[in-house]
Amino acid sequence: MKNKPPVWLAYTAAFLGVCSHASSEFFSKLSGLPGVETSVWRFMIGGAALLFVAMLSRETRQLLAPLRQDFWPIVLLSLFGMALAQFIFHWSLDFASAVQVATMVTIMPIGVVFVARIVEGTRITPAKLISGIGAFLGCMLLLTDGYLAQLGGDGETFKGVLMALGCAVIGATYLVLVKPYMQKYGAIRMSTYTFVLGFVALWLLVGLMWGKWVNPLTLADRPTVQMGSILALGVWNTCIGFLLWFWGLSNVPDIGRGNYLFFLKPVIALILAYFLLAETITGTQLAAIIAITGFVAAEIFYDRIAAALGWKTSAQ
């Protein structure tokens, strides 16, 4: 029997995966490119990196067999799942700040709970309702912040926050629907399909709709910061980040507790945005972060809190 890696190593890998997720807004902003063009670059570099990783193993390099068995589910999930969510994510950064987008996208794991209820009939526990309330309050705070900005003449912020909300909803739906295929074909192959097929679709979409035909041969001709940001998005935020996150979650003793690390995303994004992008952090944005992370913390310790207050818990 294969030995499990140390617990600390699994949690460290999952945490680094969260750091990768959280820094994607930072590198997207740092690239200085329009969001739609950034998404094409990310899928191009990330898809190539994941394809390289898939070729390293005999099992994962079998990319054609799954397509023969489940062609339409794989293609449709790849294009209208994570690819669409990432495209909207990068586009939203043209209108909203990195902190606003990161905070809104953080509700994705909570969205998974409610989508799973609709699709699979999974029961929603009182603890999950608590974190759902926190996510709802965080969303309302960000939307209110954007709406107030709209009244002040900057309606773009409101648009960007709504787009980030759409990204979270699509991403949550994708994570539920893709689960059986992840279990059947593995995370590496399914991620490779998403970014390789997604690149082809986004390259055509952005070229036809925005007139931006991304040419990979121009990468070396770009300014150092822009080129470095594009490479970081593809290699670090896409390939390495996804692999660390999936590997970490698959090896932690409590996958539910491991998933909670994702809620550190807005905190990490806030630190990067404030110190490296010099973005202004509003009180409303801080309140949204506290609402989401605070209610999630309440979910983590729900059984202890309920026992102290004499409430009946799911374990009783």
Checked the stretch 208-248 for anything not in a loop (DSSP other than H, G, I, E, B) and not hydrophobic (A, V, I, L, M, F, W, C); matches are P216, T218, D221, T224, Q226, G228, S229, G234, N237, T238, G241, G248
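Residue-by-condition table, conditions (1) without any contact (Cβ under 8 Å) to a residue 60 or more places away in the chain; (2) out of contact with any His (no Cβ under 9 Å at 6 or more places or on another chain); (3) of a type in the set (D, E, K, R):
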| position | (1), (2), (3) |
| --- | --- |
| P6 | yes, yes, no |
| A13 | no, yes, no |
| V18 | no, yes, no |
| S23 | no, yes, no |
| S31 | no, yes, no |
| P34 | no, no, no |
| R58 | yes, yes, yes |
Practice task
Might you check whether a residue that is surrounded by 14 or more Cβ atoms within 10 Å (Cβ to Cβ) and either outside any helix (DSSP H, G or I) or at pLDDT 90 or above (or both) occurs anywhere in the stretch 138-148?
Solution key: no
The helices (runs of 4 or more DSSP H) lying entirely within the stretch 4-114 that contain at least 3 residues which are within 18 Å of W203 (Cα to Cα) are 35-54, 71-77, 84-92
Taking the stretch 207-242 and keeping only residues that are among the aromatic types (F, W, Y) and either exposed (fewer than 14 other Cβ atoms within 10 Å of the Cβ) or closer than 16 Å to F26 by Cα (or both), one is left with W210, W213, W236
Scanning the stretch 154-206 residue by residue, those more than 15 Å from the chain's Cα centre (by Cα), closer than 18 Å to L76 by Cβ, of a type in the set (G, A, S) and surrounded by 21 or more Cβ atoms within 10 Å (Cβ to Cβ) turn out to be G198
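The values are calculated or read from the model by the stated rules, or taken from the named source; none is laboratory data. Predicted model, so just to flag it, every value in this text is computed and none were measured. Cβ sites come from the backbone with ideal geometry, for glycine too, and all protein chains shown count toward neighbours.
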